[in-house]
Amino acid sequence: AVFDHPASGQRHSIQEGVPYAEHHAGQHAPPRQKRIFKALADNGDLDKLALMDGVMGSSDRHQENYVLSRTGLHLIDNAAMFHQGMHTRPHYWESHYGPEGLRQTIHPEAVQWAMNLDADKLESHLRRYGVGKRGDLDLAGEAGRRVRALQGLLRGTGGQTSRIKAYVSTLGRLPEGS
C-alpha cells in the first residue's frame, strides 16, 4: 500500500510481513532454498517474475530485494519501479540460471502467461491505483508498451526466444549481437 505521511506529506509504502522469510544465501544456499528455486524454475514462475520486473521497470532487484520463505519467493522493496535508465537483470533469476541458463529458451508457461497479459488492462489498473507521470513520461503507458514489446518478440519467434532477449525486449532494445 502507498500512503502519504500525515505530517511531512512524503510518500511511503508498506508491505505485508512474510513469516519465516530469509534472504538468499547465494552459492552457499541451503537445500530448502535450492528446492524453492528449482520448483519456481520448473513451473515457469521464475521467468514470469523476471518478465514482470522488466515490464514494471524494476532497476533494483539485487540480492537484498527479495526473500524466500516456506511459501516461495517474495519480491520486496519495490521503490525503484518504472525506471528508465540502466537496468540489471533480477538477481534471483541470474543466480539460479547463470549466464548459460539466461541464453536458453524461456519457459513455455511463461510464454503463455506473457501472451495472455492485457496491456490495456494493466495500464488502466495502474492508473486506478495512482501511477501517473514522471515528467513527460506516462508510467502506466510505458508498462503497457513494455508488455506489447514482449508480446511482439514472442509472437515473432513463436515463443522460442532466450530468457535474456525476452527480458531485454521489455526495455525497448535488444543487446548487441543478439
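Odds and ends about this structure:
- Qualifying residue in region 15-25 (condition: surrounded by fewer than 18 Cβ atoms within 10 Å (Cβ to Cβ) and within 18 Å of the chain's Cα centre (by Cα)): yes
Residue-by-condition table, conditions (1) buried (at least 19 other Cβ atoms within 10 Å of the Cβ); (2) farther than 16 Å from Gly54 by Cβ; (3) aliphatic (A, V, I, L, M):
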{"position": "Pro90", "(1), (2), (3)": "yes, no, no"}
{"position": "Pro99", "(1), (2), (3)": "no, yes, no"}
{"position": "Ala110", "(1), (2), (3)": "yes, no, yes"}
{"position": "Gly130", "(1), (2), (3)": "no, yes, no"}
{"position": "Arg155", "(1), (2), (3)": "no, yes, no"}
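- Among the residues making up region 53-69, those that are within 10 Å of Tyr92 (Cα to Cα) and either among the β-branched types (Val, Ile, Thr) or touching a Leu at 6+ places or on another chain (Cβ under 8 Å) (or both) are Arg61, Asn65, Tyr66, Val67.
- If the condition is being within 12 Å of His74 (Cα to Cα) and outside any loop (DSSP other than H, G, I, E, B), then region 21-33 contributes only Glu22.
- Annotation: of all residues in region 157-178 being at pLDDT 85 or above and in a helix (DSSP H, G or I), the one that is surrounded by the most Cβ atoms within 10 Å (Cβ to Cβ) is Ala166.
- Boolean, Arg61 is among the charged types (D, E, K, R) and open to solvent by 60 Å² or more (accessible area, probe 1.4 Å): no
- Qualifying residues in region 120-148 (those that are among the small types (Gly, Ala, Ser), modelled with pLDDT under 95 and more than 15 Å from the chain's Cα centre (by Cα)) - the one nearest to Asp4 (Cα to Cα): Gly130
- Residues located in region 30-56, provided they are open to solvent by 10 Å² or more (accessible area, probe 1.4 Å) and either within 19 Å of Ala80 (Cα to Cα) or β-branched (Val, Ile, Thr) (or both): Ile36, Lys48, Leu49, Met52, Met56
The values are calculated or read from the model by the stated rules, or taken from the named source; none is laboratory data. The shown structure was predicted, so the numbers you read here are calculated from the model rather than taken from an experiment. Cβ atoms come from the backbone with ideal geometry, glycine included; neighbour counts cover every protein chain shown. Remember, those area values only see protein heavy atoms, side chains included, never the ligands or the DNA or RNA. Shrake-Rupley method; radii C 1.70, N 1.55, O 1.52, S 1.80 Å.
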